[in-house]
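Trainee: Pasting a structure here, questions to come.
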Amino acid sequence: MADVTEGAPAPGGRPGGRRRGRAHRVGGLTAAVALTVATGAMDAISFLALGGVFTSVMTANLSLLGLSTGAHDPHLARDAAVALCGYVTGALMSGRIVRGRRTARRARWALAVELLALGVLWVVWDTAGGHPAGGRQLGLLAVAALAMGGQSGLVRAVCPPGFSTTYLTGVLTGVLVEAARGRRVRWADLSLLAALVAGAACGGLLIAHAARAAPALPTGLVALVLLASLTPLARDRTGRLWPPPP
């Protein structure tokens, strides 16, 4: 993750400063991987237990919305529409939160809002015994999509163009194009793609074998990223919060 400055720059050019810079870049990649694992887990949870739609891949939900019209499936249309509305709300909220100066602090607030949404989801999910249905299922779908939309809006606002921890089709395309052209593929891109698959696999396993605890994975990962963002090591010598991965 990257962010604008928050504080005055410190002298650079020393070996210690270079090591600190490398540590920050590794920290940025680690935070991005953690958020991507959370995304994969949340998508698996929503697809398997909240209506067969996604909470972060809105292009897929748009396709499902169109498919539901052709297939005369009102339930699929309803679930896809709920996920879309939740995602849009979360992205707008997050974009609003990170507007203005001192973006590092605002980014933490956006992460806190995502964590709050996931925490509410976990509590309600637990009261349903890990098997929500009816209105509770729709409500949880909306909250999950809101959380993922918030994460997408945050990353889009503070990171370089094209960087994402939720929708990774562009990342996959970039990896394939660079490989076809004989160029070096970035390890950061491969790490994010692997994290998405790993998160979805873990989410699926939790739904199958420990459904009641499934939301603990994305909630815990976002909480860890938020806590790590509060430490001095999360900022480089210019005050940026987790510079973009190399």
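Trainee: Going by the structure shown, is R106 assigned to a helix (DSSP H, G or I) and open to solvent by 30 Å² or more (accessible area, probe 1.4 Å)? I'd like the intermediate steps shown before the answer.
Mentor: Working: assigned to a helix (DSSP H, G or I): yes; open to solvent by 30 Å² or more (accessible area, probe 1.4 Å): yes.
Taking the combined requirement at face value, the residue satisfies it.
Trainee: Could you list, in sequence order, all residues of segment 1-28 that are among the aliphatic types (A, V, I, L, M), open to solvent by 40 Å² or more (accessible area, probe 1.4 Å) and at pLDDT 55 or above?
Mentor: A23, V26, listed by residue number.
Trainee: Among the residues of segment 109-133, how many are in a helix (DSSP H, G or I), touching a residue at least 60 places away in the same chain (Cβ under 8 Å) and open to solvent by 10 Å² or more (accessible area, probe 1.4 Å)?
Mentor: 5
Trainee: Related question: Of everything in segment 153-174, what is in a helix (DSSP H, G or I) and over 19 Å from A198 (Cβ atoms)? Give them in sequence order. Please lay out each step first, then the result.
Mentor: Narrowing segment 153-174 to residues in a helix (DSSP H, G or I): 153-158, 169-174.
The answer is G153, L154, R156, A157, V158, G170, T173, G174.
Trainee: Here's something else I'd like to know. With respect to V222, determine if the residue is out of contact with any Pro (no Cβ under 6 Å at 6 or more places or on another chain), open to solvent by 30 Å² or more (accessible area, probe 1.4 Å), modelled with pLDDT of 95 or more and in a helix (DSSP H, G or I).
Mentor: Details: out of contact with any Pro (no Cβ under 6 Å at 6 or more places or on another chain): yes; open to solvent by 30 Å² or more (accessible area, probe 1.4 Å): no; modelled with pLDDT of 95 or more: yes; in a helix (DSSP H, G or I): yes.
Answer is no for this residue.
Trainee: Being charged (D, E, K, R) and open to solvent by 40 Å² or more (accessible area, probe 1.4 Å) is the filter; apply it to segment 75-103 and report the residue that is modelled with the lowest pLDDT.
Mentor: Filtering segment 75-103 for residues that are charged (D, E, K, R) and open to solvent by 40 Å² or more (accessible area, probe 1.4 Å), the one modelled with the lowest pLDDT comes out as R102.
Trainee: Which members of segment 57-70 meet the condition of being open to solvent by less than 60 Å² (accessible area, probe 1.4 Å) and more than 18 Å from the chain's Cα centre (by Cα)?
Mentor: Answer for segment 57-70, where residues must be open to solvent by less than 60 Å² (accessible area, probe 1.4 Å) and more than 18 Å from the chain's Cα centre (by Cα): L64, L65, G66, S68.
Trainee: Turning to a different aspect of this structure: Open to solvent by 30 Å² or more (accessible area, probe 1.4 Å), closer than 20 Å to P215 by Cβ, outside any helix (DSSP H, G or I) and of a type outside the set (G, A, S): is that true of F54 in this structure? Break it down stepwise before answering.
Mentor: On the way: open to solvent by 30 Å² or more (accessible area, probe 1.4 Å): yes; closer than 20 Å to P215 by Cβ: yes; outside any helix (DSSP H, G or I): yes; of a type outside the set (G, A, S): yes.
Here the answer is yes, as F54 does meet what is asked.
Trainee: Still on this structure, please answer the following. Tell me, yes or no, whether segment 142-152 has at least one residue that is farther than 30 Å from A77 by Cα and either crowded, with 21+ Cβ neighbours inside 10 Å or at pLDDT 90 or above (or both).
Mentor: no
Trainee: So which residues in segment 202-212 are in a helix (DSSP H, G or I) and either under 19 Å from the mean Cα position of the chain (by Cα) or surrounded by fewer than 14 Cβ atoms within 10 Å (Cβ to Cβ) (or both)? First the steps, then the outcome.
Mentor: Taking segment 202-212 as the starting set, the residues that turn out to be in a helix (DSSP H, G or I) are 202-209, 211-212.
C202, G203, G204, L206, A208, H209, listed by residue number.
Trainee: Here's another thing I want to ask about it. Would you point out the residue of segment 175-201, among those that are of a type outside the set (A, V, I, L, M, F, W, C) and either part of a helix (DSSP H, G or I) or within 30 Å of A216 (Cα to Cα) (or both), that is least open to solvent (accessible area, probe 1.4 Å)? Outline the logic, then answer.
Mentor: If we filter segment 175-201 for residues that are of a type outside the set (A, V, I, L, M, F, W, C), which is where we start, we get 178, 181-184, 186, 189, 191, 199.
Still in the running and either part of a helix (DSSP H, G or I) or within 30 Å of A216 (Cα to Cα) (or both): 178, 189, 191, 199.
On the way: E178: 54, D189: 29, S191: 39, G199: 0 Å².
Here the answer is G199.
Trainee: Which residue pairs have Cβ atoms closer than 6 Å, lie 6 or more positions apart in sequence or on different chains, and pair a first residue in segment 203-214 that is over 15 Å from D126 (Cα atoms) with a second residue that is in a helix (DSSP H, G or I)?
Mentor: G203/A41; G203/A44; G203/I45; G204/A44
The values are calculated or read from the model by the stated rules, or taken from the named source; none is laboratory data. As the structure is a prediction and not an experimental result, all values here were calculated from the model. Glycine also receives a Cβ, built like all others from the backbone with ideal geometry; neighbour counts cover every protein chain displayed. Ligands, DNA and RNA are stripped out before the accessible areas are found, and what is left, the full protein with its side chains, is counted by its heavy atoms. Shrake-Rupley method; radii C 1.70, N 1.55, O 1.52, S 1.80 Å.
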